[in-house]
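Asker: If you scroll down you'll find the structure; I have some questions about it.
The values are calculated or read from the model by the stated rules, or taken from the named source; none is laboratory data. All figures in this text were calculated on a predicted structure; none of them were measured in a lab. Every residue, glycine among them, receives a Cβ derived from its backbone with ideal geometry; neighbour counts consider all protein chains shown. The accessibility values were calculated without ligands, DNA or RNA, using every heavy atom of the protein model including side chains. Shrake-Rupley method; radii C 1.70, N 1.55, O 1.52, S 1.80 Å.
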Number of protein chains: 4
Amino acid sequence: MPTVVRDELVIADRTFGSRLILGTGGAANLAVLEEALVASGTELTTVALRRVDAGGGTGVLDVLRRLGITALPNTAGCRGAAEAVFTAALAREALETNWVKLEVIADERTLLPDAIELVAAAEQLVDDGFVVLPYTTDDPVLARRLEDVGCAAVMPLGSPIGSGLGIANPHAIEMIVAQAGVPVILDAGIGTASDAALAMELGCSAVLLASAVTRAADPPTMAAAMAAAVRAGALARQAGRIPRRFWAEASSPAL
Amino acid sequence: MPTVVRDELVIADRTFGSRLILGTGGAANLAVLEEALVASGTELTTVALRRVDAGGGTGVLDVLRRLGITALPNTAGCRGAAEAVFTAALAREALETNWVKLEVIADERTLLPDAIELVAAAEQLVDDGFVVLPYTTDDPVLARRLEDVGCAAVMPLGSPIGSGLGIANPHAIEMIVAQAGVPVILDAGIGTASDAALAMELGCSAVLLASAVTRAADPPTMAAAMAAAVRAGALARQAGRIPRRFWAEASSPAL
Amino acid sequence: MPTVVRDELVIADRTFGSRLILGTGGAANLAVLEEALVASGTELTTVALRRVDAGGGTGVLDVLRRLGITALPNTAGCRGAAEAVFTAALAREALETNWVKLEVIADERTLLPDAIELVAAAEQLVDDGFVVLPYTTDDPVLARRLEDVGCAAVMPLGSPIGSGLGIANPHAIEMIVAQAGVPVILDAGIGTASDAALAMELGCSAVLLASAVTRAADPPTMAAAMAAAVRAGALARQAGRIPRRFWAEASSPAL
Amino acid sequence: MPTVVRDELVIADRTFGSRLILGTGGAANLAVLEEALVASGTELTTVALRRVDAGGGTGVLDVLRRLGITALPNTAGCRGAAEAVFTAALAREALETNWVKLEVIADERTLLPDAIELVAAAEQLVDDGFVVLPYTTDDPVLARRLEDVGCAAVMPLGSPIGSGLGIANPHAIEMIVAQAGVPVILDAGIGTASDAALAMELGCSAVLLASAVTRAADPPTMAAAMAAAVRAGALARQAGRIPRRFWAEASSPAL
């Protein structure tokens, strides 16, 4: 478990100056999304394939290109390993990248990952030469398994997608971080800035969020909040917080 | 309860660009303290009187003057209304300011405010023409009482001084904010950046902390973390967070 | 801080076999209230004076007498020391007891205690020969002050009356218990059984609740739940719980 | 999601009067274990196979027989599907029961279930005619998968075995309960009585614990605490708790 946070986020062979990864889903329109992307300072943004290939409607990609943000295709909404692998292959063609955020969802109500299908898809995609970033549960064993099959990062949820419940089980995230040899990226459930700061304090290397910004009352302002929060949490982790004490301790001693 | 956070913190007749107030207690030495003050961007810093009048040893004040930071005298360690009022009067002489952070402590183990002595001291100091910023418990009734006697802000604790336990009772802070007509400044208990962000998200106007920075392994880095966290929390409050939901909601709909 | 829970609750010179104290407020009707009282096994029940002296309408007292439950008059709704002291005096006449649950409320929205008026009333009532059980905030300093002026117990809230938010600040309750020389009775805020068990695990000597039972969908069943929960928490405190560990520990070793 | 808790726990074709299931691991000696079993009122107790077949050393089984408690063989410590299936088969021979608590552990440090091996083992054992009670993570998708392959109950963890961290993610348990058609039994992580009460309030049908009792300072007293807590939580769920409110609500209205 590294105690020093490097200034840059390194995933596979690439380096990013920002530790905030945005999703584009949920935005009211492209203008607001663009403002939010700028305010967030993100350098990596997920895009669901279905929006990409919707004949000509490549508005999101145009925005990302204009802003110099790397597009990370996302198998959002895929329900089994086969569908996810197929979608990733289409994305590689369409976006000319072998990176993929791998989502294999079990059902519409929870949008939780299907552990078994997820591992199967991850193995296949790694074999096919993809750089795989899997969206996973907060199960430390599953996270380790995904790392073992060759994923370039693990992306545990804080709580269900779009729920805004934050990090429901910080202890699980800490266990994942303690065992991980690849970056741990908190993905899903973030509701507000303090959630994002906490993720970094727990030792995550980055935070991925979409709804928390795109569905906020004022998306660009929330994007700026999240950028500051991720930075705050990373610095705090690096700075080494004071221990928790049951009784008080004066900050103004005799001196 | 204001839903829009203004860009500036206004207390009494003064305006501050930063919403982070630092305490100087607990710093290992002046050089580190100075670095932390700069990194924090603070414009207002508490100084315990006893350190000020320690014959010539006004090093902290010199640092603050050099950095253009306003010194806020603090009656730290005072045990009854009389002692606190007397100390505030001395501070007014020594620092040539009628502002005072009013601490009236009940005992050394908890360093918690003594509600009854606190109100008595606050009344007296307001009568004497002070701008009073009282350190108080998280009791909404006591906070309102302090506002009613004329305090310029109320400064409820998150948890005991130096404990690093964060905001033990967010609901109490929310009740205080909901009823307050003066700025609510979270004072005491902050351990790490996400605590400070949460304070602002709950509606506080500013955060005051000392040990969390001065006793961190790397105080200047933690000061930068706290500055970012306070900004993150203020922006998030202003941006209007998404509601909490039991079940998931897709961020990538058909669109 | 006693580590062994005695089998009986001792307040002043009286002993009770049950550590669950019920309030009668909020009950839909006397029949349901009676059922709940029986199911709870309580031996001590608060009664608001205004219901007692409402000309002949002494239904609640009749029920308590029939069940052999001691009535504890309650200055519920009193807004200042003077009103509370006056009400207590009336109650002593009406109920022929010098015991009083002292409530001095600051306002209708929070129903929180008014610390300053509360201490004033407690001092007066102790001087007047009452056995005073004050409803107080979870402020350890205020609790100690109430003990110092001669109260027979201290009754900190878990959260606001009727809120069902449980124990908002367990750390504060632990600090109160650690310093108390009289019984600590958790009063107000209990929503469900696990809240009551937690109160006892934190070291409280008893739990007082009303709405959680009287306003439950099925009051007698909830009363039975609370009786079991208080017993569970007291036994667990006595039994000495296992420590918390970050990693797992097998319960089935080689042996 | 049933809103009424029946008086009896029904698993497969069997009915139990107690909703507390004990594990025998961690007990200092058989005499203390027997006392704890009696105090708990349990009717179903897990036994790790390795302790059963340890040449003649069938002390635990003798105790269970004498007390009329059903022994539930446990594949504790098994590391893959094959080992677990093999162990279950041995247990069926040795204990003459086709019931099995299925544990497939990933490693010694976390003792967390291995999701993929667990599902494989569960499928095999159901096919082989076992009544399978799987120890699982708190992942709602995995729980549903285990139910779909024919398990007679699902047994999500609260937190790691022996950690005493309680229910780290109550929301996950609520999601499991909301979707389950078989009994949900909270298994692992319970530290004290309020944890067990909470499990039942969240809608679990039973609680399984070992270390919390066997490693407590006073196991029989903690066993009694847990019995009371499980009953309290079940009754509270059945009784219908009051809603949570931000502001107070008087329990003593005019009436």
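Asker: Could you work out, residue by residue across B:104-116, how many beta carbons of other chains sit within 10 Å of that residue's beta carbon, and then give the average as an integer? Please list the in-between numbers first.
Answerer: Numbers: counts 0, 3, 6, 5, 4, 8, 10, 7, 8, 3, 5, 9, 8.
Per-residue shielding by partner chains comes out at 6.
Asker: Binning at 20 angstrom from zero up to the longest distance, how are the C-alpha pair distances of the protein assembly as shown distributed in percent?
Answerer: 13, 40, 37, 10, 0
Asker: Now for a separate question. So, for chain A, what is the accessible surface per residue at a probe of 1.4 Å, expressed in square angstrom? Write out the running numbers ahead of the final one.
Answerer: On the way: 8600 Å² over 255 residues.
With the other protein chains kept in place, chain A gives 34 Å² per residue.
Asker: Enumerate the whole-percent occupancy of each 10 Å bin, from 0 to the last occupied one, for all C-alpha pair distances of segment B:131-255.
Answerer: 14, 40, 30, 12, 4, 1
Asker: Using 1/(1 + (r/R0)^6) with R0 = 51 angstrom and r between the beta carbons of A:Leu90 and B:Thr15, what's the FRET efficiency to the nearest 0.05? Could the numbers behind the result be given before it?
Answerer: On the way: r = 56 Å, r/R0 = 1.09.
With R0 = 51 Å, the Cβ-Cβ based efficiency is 0.35.
Asker: Pick from B:Ser159, B:Ser40, B:Ser194: which residue has the top mean-square fluctuation in a GNM of chain B where Cα pairs under 10 Å get a spring?
Answerer: Residue with maximal mean-square fluctuation among B:Ser159, B:Ser40, B:Ser194: B:Ser194.
Asker: Report the FRET efficiency, 1/(1 + (r/R0)^6), for D:Thr97 and A:Phe246, where r is their Cβ-Cβ distance and R0 is 35 Å, rounded to 0.05.
Answerer: After rounding to 0.05, the efficiency reads 0.15.
Asker: Using just the Cα positions, wrap segment B:86-201 in a convex hull and report its mean projected area in square nanometres, one decimal place.
Answerer: Working: hull surface 28.5 nm².
The directionally averaged projection comes out at 7.1 nm².
Asker: What percentage of the solvent-accessible surface of segment A:154-255, computed with a 1.4 Å probe over protein heavy atoms, is contributed by carbon and sulfur atoms? Walk me through the intermediate numbers first.
Answerer: On the way: 1350 of 2540 Å².
So the carbon and sulfur contribution to the accessible surface is 53 percent.
Asker: Kirkwood Rh over alpha-carbon pairs of chain D, then Stokes-Einstein at 25 °C and 0.890 mPa s: what D in µm² s⁻¹, rounded to an integer? Don't jump to the answer; show the numbers that get you there.
Answerer: Details: Rh = 18.4 Å.
Here the translational diffusion coefficient equals 133 µm²/s.
Asker: Assigning unit charges at the beta carbon (Lys, Arg +1; Asp, Glu -1) and nothing else, what dipole magnitude in debye, to the nearest 20, does chain A show about its Cα centre? Walk me through the intermediate numbers first.
Answerer: Numbers: 19 positive and 29 negative charges, 141 e Å.
I would put it at about 680 debye.
Asker: Which value, in square angstrom to the nearest 100, describes the accessible area buried between chains C and D on both sides, using a 1.4 angstrom probe? It would help to have the intermediate numbers written out before the result.
Answerer: Working: alone 12200 and 12210 Å², together 19610 Å².
Roughly 4800 Å² of accessible surface disappears when C and D pair.
Asker: Also, quick follow-up: Can you pull the mean other chain C-beta count within 10 Å for peptide C:184-193? Before the final figure, lay out each step's value.
Answerer: Numbers: counts 0, 0, 0, 0, 2, 2, 2, 7, 12, 17.
Other-chain Cβ atoms within 10 Å of each residue's Cβ, averaged: 4.
Asker: Here is a follow-up. Could you work out how far the C-alpha centroid of segment C:176-207 sits from that of segment D:63-130, in angstrom?
Answerer: Their Cα centres are 41 Å away from one another.
Asker: Out of C:Ser163, C:Ala196, C:Gly181, whose Cα points farthest toward the positive end of the dipole of chain C (charges: +1 Lys, Arg; -1 Asp, Glu; placed on Cβ)?
Answerer: It is C:Ala196, whose Cα lies furthest towards the positive end.
Asker: In addition: 222 nm [θ] for chain C, helices only, -39500 (n - 2.57) per DSSP H run of 4+, per residue, to 500?
Answerer: Numbers: 10 runs with 105 residues, N = 255.
So the calculated ellipticity at 222 nm is -12500 deg cm²/dmol.
Asker: When the dipole is taken about the Cα centre of the protein assembly as shown, and only Lys, Arg (+1) and Asp, Glu (-1) are charged at their Cβ, what size is it in debye, to the nearest 20? Don't skip to the answer; put the middle values down first.
Answerer: Numbers: 76 positive and 116 negative charges, 1 e Å.
It comes to approximately 0 debye.
Asker: What is the sum of charges around B:Pro73, taking Lys and Arg as +1, Asp and Glu as -1, for the other residues whose C-beta is under 9 Å from the C-beta of B:Pro73?
Answerer: On the way: positive: B:Arg92, B:Lys101; negative: none.
The answer is +2.
Asker: Another question, then. Determine, from the Cβ-Cβ distance of A:Asp7 and A:Arg79 and an R0 of 35 Å, the FRET efficiency 1/(1 + (r/R0)^6), rounded to the nearest 0.05.
Answerer: 0.35
Asker: Can you put A:Arg79, D:Arg92 in order of accessible area, largest first, using a 1.4 Å probe?
Answerer: Values: A:Arg79 110, D:Arg92 80 Å².
Largest accessible area first, the residues go A:Arg79, D:Arg92.
Asker: Now for a different question. Counting partner chain Cβ atoms within 10 Å of every residue's Cβ in C:213-219, what's the average? Intermediate results must be reported in sequence, preceding the final value.
Answerer: On the way: counts 3, 2, 6, 6, 6, 5, 2.
That works out to 4 on average.
Asker: Nothing charged except the Cβ atoms of Lys and Arg (+1) and of Asp and Glu (-1): what's the magnitude of the dipole of segment C:170-255 about its Cα centre? Round to the nearest 20 debye.
Answerer: Working: 6 positive and 6 negative charges, 33 e Å.
The calculated dipole for segment C:170-255 is roughly 160 debye.
Asker: Please sort D:165-173, C:240-248 by packing, taking for each peptide the average over its residues of neighbouring beta carbons within 10 angstrom, highest first.
Answerer: Values: D:165-173: 22.2, C:240-248: 16.6.
Highest-to-lowest ranking by the protection proxy: D:165-173, C:240-248.
Asker: Additional query: Normalised by the number of residues in chain A, what is the relative contact order in percent for Cα pairs under 8 Å and 6+ residues apart?
Answerer: Values: 520 pairs, mean separation 51.7, N = 255.
Normalised by residue count, the contact order of chain A is 20 percent.
Asker: Which of the trypsin sites (Lys or Arg not before Pro) found in segment B:98-188 are loop residues per DSSP with 16 or fewer other Cβ atoms within 10 Å of their Cβ?
Answerer: Numbers: sites: B:Lys101, B:Arg109, B:Arg144, B:Arg145; in loops: B:Arg109.
Listed in order of number, the matching sites are B:Arg109.
Asker: Taking segment C:104-188, which GluC sites (Glu not before Pro) meet the DSSP loop condition and have no more than 15 other C-beta atoms within 10 Å?
Answerer: Of the GluC sites (Glu not before Pro), the ones in loops of segment C:104-188 whose Cβ has at most 15 other Cβ atoms within 10 Å are C:Glu108.
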